[in-house]
1. What percentages make up the Cα-Cα pair-distance distribution of the chain when the bins are 10 Å wide from 0?
2. Divide by every residue of the chain the summed helix terms, -39500 (n - 2.57) for each DSSP H run of at least 4, and state the resulting mean residue ellipticity at 222 nm, rounded to the nearest 500 deg cm²/dmol.
3. List the lysines whose Cα sits under 27 Å from the Cα of LYS306, skipping any in the same chain fewer than 8 residues away.
4. Among GLU116, GLU141, GLU196, which comes first, second and so on when ranked by fewest other beta-carbon atoms within 10 Å?
5. Of the listed peptides 419-432, 202-215, what is their order by residue-averaged count of other C-beta atoms within 10 Å, with the highest listed first?
6. Can you list the lysines whose alpha carbon is less than 25 Å from that of LYS367, not counting same-chain residues fewer than 8 positions off?
7. Quick check on packing: order 454-464, 157-167 by the mean number of other C-beta atoms within 10 Å, highest mean leading.
8. Enumerate the aspartates and glutamates that LYS502 could reach by cross-link, defined here as Cα to Cα under 19 Å, with residues fewer than 8 away along the same chain left out.
Amino acid sequence: MTGRIRIFDTTLRDGEQSPGCSMNLEEKLRVAAQLEALGVDIIEAGFAIASEGDFAAIREVARQCERATVASLARASIGDIDRAWAAVKGARSPRIHTFIATSPLHMRVKLNLSPEAVLDAIQGSVAHARNLCPDVEWSAEDATRTDPDFLCRAVEIAIRAGATTINLPDTVGYATPETYGAMFRDIISRVPNAGEAVFSTHCHNDLGLAVANTLAAIMAGARQVEATVNGIGERAGNAAVEEIAMALHVRRDVMPFTTGVNAGEITRASRMVSGITGMAVQANKAIVGANAFAHESGIHQDGMIKDASTYEIMTPASVGQGATNLILGKHSGRAAFRQKLDELGYALSDNEFGDAFKRFKDLADAKKAIWDEDIVALVDDEVLRGHDAIKVVEVEVYCGSTGPQRAILTLSVDGVETTAAVRGNGPVDALFAAIRKIVPHDAATLQLYQVHAVTQGTDAQAEVSVMLAEAGRTVRGTGADVDTLVASARAYVNALNKLMVKRGRSALGEMATG
């Protein structure tokens, strides 16, 4: 029981399906480049038939990737498969990933097809995909609630039709490690041509068992795992790439498998995905959480001083998490700041560096202590806003117990600065109303407004998350600043920029039409 485990990353497809986590083309290309740096084997870049934007993103990711296989998802239909192939055929190593539901519930309610009709669809769709592409993956949607005998027949047909990878997903997070592992052992032992394909996992986290189920399937014979950075995905999310990779690395004594993951890039990938999607990583998240390598208990601290291995089974450096240091302040120069950026894994252009350094100096004047997390929040906020059509120029807020509260806000919209002064029921309400006055978007509603401190202390930077919804579209925005209200304006404007992209209209067009 040894071997190489392929990492199939679906952050750009399943991860993007989290509410508010959609990414534009530039963001997808940045994430794809980081996934290659992370060392994943396959990147599922999207669902080509879903939209023109998804198709274009998959095509560009396929052209950009230098090493990883690039896949597109497709339903069991000729149109879907042809569209997927058109999107990935420019890749150095393309893959078509086609699927159909196999559980009695899904076949009856969702597909309205008989079991025999589903088997025919598997044969036809996989064969068509294989005629186009030598690398075909087939998935049995809702495999864990599928009749085992029927699943065996479906897998055998898919392999015979040309599938080189067989994915048995726990689509609704229903399985336990025992049942999921048993399913893989059963299928691999009973399907006569099972040796002709690689078996794959795809686990959702509805019961909090996604990573445990994935590891159980590996022990039962799976040699590919499908996962996402930070475990993002529909509902409760997917199995987390970083948790699977480090579990296999740390517990090689009981799971003697290897991956191609470059563990030193894990934290960088986590922070990039979190910054782009607006999905904050919980502090106690395994591997990449802010508290993953934090020790407050006196007993723990004593043990750490004597020997770090007393309470840490891996080092922060092994996953790209630098220790929190107080080495930068208002007297630090450009060279020291650039060195810190290098340590944190950032490569900025001269213009981006200049803007980030100015914001760093402003922050250093406002804060006594600058932590690594402050730098990460500051730079991510600066870089991710660099190409936005709408930008926050100046924020001035009047508030207090007597009221009414008032906000004076200046935005740059496609390079044109506009100022509005608005009263509101509280400073945040006034600020957001001012944004609405400058860039009207009455159909959009605020679904979430969340604030948390980046670091400790009363002078900590605030990181704000905002979610906007409009006509079935949901977007998230984030912003960071030592002033909570400035961070709020940045977060709201970031979400608004994403909403404008989804609408497919320019910001100035919005101002003209309302």
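Laboratory data are not the source of any read-out in this text; all were calculated from the coordinates shown. Quick caveat: nothing in here was measured; it's all calculated off a predicted structure. Positions of Cβ are generated from backbone atoms using ideal geometry, with glycine treated the same way; all protein chains shown enter the neighbour counts.
1. 4, 18, 27, 24, 16, 9, 2, 0
2. Computed ellipticity for the chain at 222 nm equals -12500 deg cm²/dmol.
3. LYS285
4. Ascending number of Cβ neighbours within 10 Å: GLU116, GLU196, GLU141.
5. Averaged packing, sorted descending, gives the order 202-215, 419-432.
6. Within the straight-line cut-off, LYS367 pairs with LYS330, LYS340, LYS358, LYS391.
7. 157-167, 454-464
8. Straight-distance partners of LYS502: ASP14, GLU16, GLU26, GLU27, GLU52, ASP54, GLU60, ASP388, ASP414, ASP442, GLU470, GLU510.
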